[in-house]
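Contents: one structure, followed by commentary.
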Amino acid sequence: MSGEAASRSEIDLPGKQQELIDAIKATGKPFVVVLFNGRPLTLEKVAASSPAILEAWFPGVQAGNAVADVLFGKVNPGGKLPVSFPRRLGQVPIYYNHEPTGRPCDAGSKYNSRYRDISSCSPLYEFGYGLSYTTFSISNLHLSSSTVSKNGSLTATVDVSNTGSREGDDVVQLYIHDPVASISQPVRRLRGFQRVTLKAGETQPVTFTLDRDDFGFYDDRAKLVVEPGSIDVYAGDSSNADLTQSFTVSG
């Protein structure tokens, strides 16, 4: 169902797989949906029917062993989605680093960007999303400086905590946004990520460095430019990161 120069007009589960999921759900027995696919899928119905979903992609000759190890808890998964999964096909193309619009999405406002038949503008599963058998919290975002020169650098640090009952991995992600630039900038740009392994109850600081290669951008002549102004920083474990701080690039 995937391959070069081979698009699909629908990206839900093909055939009668959804009927099979619904029939298994009706038995009342616990189950997990394991997906083997090469592209994002529309999974609203699957998610509504299933206690859990394991995205395996195309894992190769050791697929059986790898999937079994995850399902039976021998290993604790810590993967994050490298793409966004839409709620419905009509949201495609959908990606985290889109450019801003003069009418930002407001599902409840008639004259803003929205869908008439979906009560949200967000994907079902956003870029960078992923769960494990434990839980994490990311807190205390702070910057080493509130200003930086065009050729300078600063650091952004967060605390990541394992708030669950077993050891696991989380991938801490750092995004930025330049709200005022000579060329419109994406609403978020991923500028760093770190995988952290933590025991239950453990907390660890994670630090990222930002410099001109991060808060600069390439103009229409493919030249890296750094413009003065404010830069917003976001930290979390997906592109929906909601911890935020700002710094100013001096002229």
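Structure values in brief
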{"quantity": "Extension gain, Asn37 back to Asn151 (0.36 nm per residue minus Cα-Cα distance, nm)", "calculated": "36.7 nm"}
{"quantity": "Lys25 - accessible surface, heavy atoms, 1.4 Å probe, Å² rounded to 10", "calculated": "100 Å²"}
{"quantity": "Exposure of Glu126 as accessible area (Å², to 10), given a probe of 1.4 Å and all protein chains", "calculated": "20 Å²"}
{"quantity": "Heavy-atom accessible surface of the chain: percent carbon and sulfur, 1.4 Å", "calculated": "51 percent"}
{"quantity": "Global form of segment 105-247, assessed from the alpha-carbon gyration tensor, a/c cut-off 1.5", "calculated": "oblate"}
{"quantity": "Charge context of Val180, other residues only, Cβ under 13 angstrom, K/R +1, D/E -1", "calculated": "-3"}
{"quantity": "Probe 1.4 Å, protein heavy atoms only - accessible area per residue of the chain in square angstrom", "calculated": "57 Å²"}
{"quantity": "Accessible surface ranking that places the most exposed of Glu44, Glu4 first, with a 1.4 angstrom probe", "calculated": "Glu4, Glu44"}
{"quantity": "Solvent-accessible area of Arg195 with every protein chain in place, 1.4 Å probe, in Å² to the nearest 10", "calculated": "130 Å²"}
{"quantity": "Relative contact order for segment 17-67, counting Cα pairs under 8 Å that sit 6 or more residues apart, in percent", "calculated": "39 percent"}
{"quantity": "Which labelled figure in (1) 120; (2) 132; (3) 175 is volume of the Cα convex hull per residue in Å³, once derived from the coordinates", "calculated": "(3)"}
{"quantity": "Inter-probe distance in nm under a simple model that places probes 7 Å from Cα toward Cβ, at Thr207 and Ser9", "calculated": "5.7 nm"}
{"quantity": "Pair Gln62, Asn140: separation of 7 Å Cα→Cβ label points (nm)", "calculated": "3.6 nm"}
{"quantity": "Extension gain, Glu19 back to Val75 (0.36 nm per residue minus Cα-Cα distance, nm)", "calculated": "17.1 nm"}
{"quantity": "Tyr234, Tyr133, Tyr111, reordered so the largest accessible area comes first (probe 1.4 Å)", "calculated": "Tyr111, Tyr133, Tyr234"}
{"quantity": "Simple label model, 7 Å out from Cα along Cβ direction - Val225 to Phe193, nm", "calculated": "3.0 nm"}
{"quantity": "Spatial separation of Cα centroids for segment 130-169 and segment 1-54, in angstrom", "calculated": "33 Å"}
{"quantity": "The chain, relative contact order in percent, only Cα pairs under 8 angstrom and at least six apart counted", "calculated": "16 percent"}
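The values are calculated or read from the model by the stated rules, or taken from the named source; none is laboratory data. Computed from a predicted model, the values in this text were never measured in an experiment. Methodologically, a virtual Cβ is constructed for each residue, glycine included, from the backbone with ideal geometry; neighbour enumeration extends over all protein chains shown. Ligands, DNA and RNA are stripped out before the accessible areas are found, and what is left, the full protein with its side chains, is counted by its heavy atoms. Shrake-Rupley method; radii C 1.70, N 1.55, O 1.52, S 1.80 Å.
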